[in-house]
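Every number in this text was worked out from the coordinates using simple rules, so none of it is lab data. This is a predicted model, so every value here is computed, not measured. In this analysis, Cβ positions are derived from the backbone assuming ideal geometry, glycine residues included, and neighbour counts consider all displayed protein chains.
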Amino acid sequence: MFNVLFKLGWFFKEYWKRYTFAIAALIVVSAIDLIPPKLVGMAIDEIQFNTLTMERLIEILMIYGGIIFVSYSLSYMWDYTLFSGAATLERTMRSRLMNHFLRMTPRFFQSNKVGDLMARSTNDLKAVMMTSGFGILTLVDSTVFMILIILMMGFTISFKLTLAALLPLPIMAVVMNRYGKVIHARFMEAQDSFGDLNNNVLESVRGVRVIRAFVQEKNDEEAFQRMTNEVYNKNVAVAKMDALFEPTITVLVGVAYTIGLGYGSSLVFQNVITLGEMVSFNVYLGMLIWPMFAVGELINVLQRGNASLDRVNDTLEQRPDVSSPAQPAHVEQPKRIEYNDISFTYPNTKKPALKGINLRINQGETIGVVGKTGAGKTTFIRQFLREYSGMKGSIKVNGVNLNDIDLDRSRSWMGYVPQDQVLFSKTIRENIQYGKYDASDKEIYRVLGLACFLEDIKVLPQGLDTLVGESGVTLSGGQKQRVSIARAFIMNPEILLLDDAMSAVDGKTEAAIIQHLREQRRNKTTIIAAHRLSAVTHADHIIVLDEGTVVEEGRHEELMQKGGWYQQQYEHQQLKEGTE
């Protein structure tokens, strides 16, 4: 149960001053709070024996007032210090998770659902925060505060009466331990279900157009209802165990009160303790209720926190497939790129996606990559991006193995426009500035012109300040592609990777963008993967892939003379465009 505190030891060690002060102040407040019941008992005894004077009463009241002031001040300080520390842990863990997500490779996101990752970044971190805040509070109150009360009852009133009243405590310890184990298991199940629900909602929102187009609203709603019920039932199972804590403790506290009142009364009749001490003892018993409840809350919070921290740590412990070398080689500019016998098979598949690829690319060249659907065009580009491990052969840049170059360094050379354009829920200006954060509006308009988007920007309601919506939902497919191309243009990368980036634009627009590419990217390397062959006719070298193998290569004119797949496909596409 206390494993979670050891797992968070790195944080407590870093902020030991904060937690030392908070715990020390909490203990001091606990000790101070034990004085008022004793004052009440003393006052009652002095009233009973007719020895209470006005001066003595004023003295007691002033001491009481001073205790209230000191207790309030210290309580504010420990409360602020302790719970701000918990908020710091949540912020630190959330930053760690986000940095981890940004460094992970596609394989990680294939094996982890986005909704579950979001659940771990929100609900689970809240539970961990509770452990480092409320958990520490209940730990101190259920141990130190309880011990102080028991010692006060034993040393100042009666050890016999104290031991008799505390007979229910061992029973409570056994019961609470059993409750805690069940809560841990049920809470893990509830959090997993919540992650699945999160993922389902995310997919439904993103795919709402498809859901409506196929008239699947009812089915999606029914599926959502089933998942909601599952999450509800698992949370109810957790709540049922939670609900057992308070009644169990209430019964045991009631038993302690009964023992204290019955046995205490007999001790008063026997003149072993005074009436005032009896009253003080019962006040202490009342104060003991919270530490007893704190035991239950402690077990509950620690078990939830332990389950959540295990889920978060499980995510953080997953390592990226590809990482930077310990001692990276330095390459200033990619002047020569060589694919040497490259073969690659995706994880969990047996069929190779690339087989024996050999290619030399010089700085300033434009390379076209074409082939049937599934031929390996995207995989070819991804090898240079180093998204996956397990590649056989080598890619060399200026004679240096790409794997020996720092990841950030190699990726800083590249501008990438993927098949599935990724636009953020921001304005068009902000989306383009992802390529260059300090880009001025003048620069943005220039690259929009290169991407043939100037006419579109004029009709958008707020121009550059138009919000594109979730994943660019307010833009058409062609518009999203051109904004993505503009973002790559403004970066002016050494290597531009276009992965079927103009499939949604018309032939005239494509031709204009290609012309701008040729003019703007002289002495810069460009790799274009495309289905429409008109996008690569200007290329310095074209490779035709079929099931991951290069079956044809050369310039456009050379390939047209070979009479192979390239010539047939080009003529077919030209004929098709001519009849439209």
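Evaluated with a Cβ-only charge set (Lys, Arg +1; Asp, Glu -1), segment 3-316 carries a dipole of roughly 1160 debye about its Cα centre, given to the nearest 20. Work out the FRET efficiency for residue 151 and residue 76 from their Cβ-Cβ distance, taking R0 = 25 Å, and round it to the nearest 0.05. The computed FRET efficiency comes out at 0.40. Ordering 224, 281 by the number of other Cβ atoms within 10 Å of each residue's own Cβ, fewest first, gives 224, 281. Determine Rg/Rh for segment 167-304; Rg is computed over alpha-carbon atoms and Rh is the Kirkwood hydrodynamic estimate from the same atoms. Dividing the radius of gyration by the Kirkwood radius yields 1.32. Across segment 3-316, how large is the tail of the calculated P(r) beyond 27 Å, expressed as a percent of all Cα pairs? Cα-Cα pairs of segment 3-316 separated by over 27 Å account for 58 percent. Remark: 354, 148 ranked as 148, 354, counting other beta-carbon atoms within 10 Å and listing the fewest first.
Packing here is the average count of other Cβ atoms within 10 Å per residue, and on that basis the peptides 302-315, 265-278, highest first, run 302-315, 265-278. As a calculated quantity, the FRET efficiency between residue 68 and residue 508 at R0 = 60 Å, using C-beta atoms, amounts to about 0.15. Normalised by 2.2 N^0.38 Å, where N counts its residues, the alpha-carbon radius of gyration of segment 1-159 equals 1.54. Charged neighbours of residue 148, selected by a Cβ distance under 12 Å, balance to -2 (K, R count +1; D, E count -1). Using the Cβ-Cβ distance between residue 318 and residue 560 with R0 set to 35 Å, the FRET efficiency works out to roughly 0.10. Taking a point 7 Å out from the Cα of residue 118 in the direction of its Cβ, the residues of segment 171-193 whose backbone N falls within less than 17 Å of it are 191-193. Computed over all pairs of different Cα atoms, the Kirkwood value for the hydrodynamic radius of segment 357-409 is 12.7 Å.
Farthest towards the positive end of the charge dipole of segment 3-316, among the residues 72, 282, 190, is the Cα of 190, using unit charges on the Cβ of Lys, Arg, Asp and Glu.
For segment 90-247, what mean projected area does the convex hull of the alpha carbons give, in nm²?
For segment 90-247, the mean projected area of the Cα convex hull comes to 13.0 nm².
Between residue 171 and residue 289, the simple spin-label model (points 7 angstrom out along Cα→Cβ) gives 1.9 nm. Multiplying the residue separation of residue 473 and residue 196 by 0.36 nm and removing their Cα-Cα distance gives an extension gain of 97.3 nm. How would segment 327-435 be classified by its alpha-carbon gyration tensor: rounded, prolate or oblate, with rounded meaning a/c under 1.5 and the a/b versus b/c comparison settling the rest? Oblate shape, in that a/c is at least 1.5 and b/c is the bigger or equal ratio. Ranking 27, 528, 16 by Cα position along the charge dipole of the chain, where only Lys, Arg, Asp and Glu carry charges on their C-beta atoms, puts 528 farthest toward the positive end. The angle between the Cα long axis of helix 169-206 and the longest principal axis of the Cα atoms of the chain comes to about 30 degrees, rounded to the nearest 10.
Farthest toward the positive end of the dipole of the chain, out of 47, 92, 449, is the Cα of 449, where the dipole comes from beta carbon charges about the Cα centre. Sorted from greatest to least, the principal axis extents spanned by the alpha carbons of the chain come out as 120, 51, 45 Å. Here the chain is assigned +1 on the Cβ of each Lys and Arg and -1 on the Cβ of each Asp and Glu. Its dipole about the Cα centre then comes out at about 940 debye. Maximal additional length on extending the residue 575-residue 143 stretch stands at 147.1 nm, based on 0.36 nm per residue less the C-alpha distance.
Starting from a Cα-only point model with no solvent, please compute log10 I(q)/I(0) by Debye for segment 448-580 at q = 0.15, 0.16, 0.19 1/Å. Taking Cα atoms of segment 448-580 as identical point scatterers yields -0.81, -0.90, -1.15. The ranking of 405, 35 by Cβ neighbour count inside 10 Å, starting from the fewest, reads 35, 405.
Axis of helix 275-316 versus longest Cα principal axis of the chain: the two differ by about 10°, to the nearest ten degrees. Each principal axis of the Cα cloud of segment 336-579 was evaluated for its coordinate range; sorted largest first, these ranges are 50, 49, 37 Å. Using only side-chain charges placed at the Cβ, +1 for Lys and Arg and -1 for Asp and Glu, the dipole size of segment 25-150 relative to its Cα centre rounds to 1180 debye.
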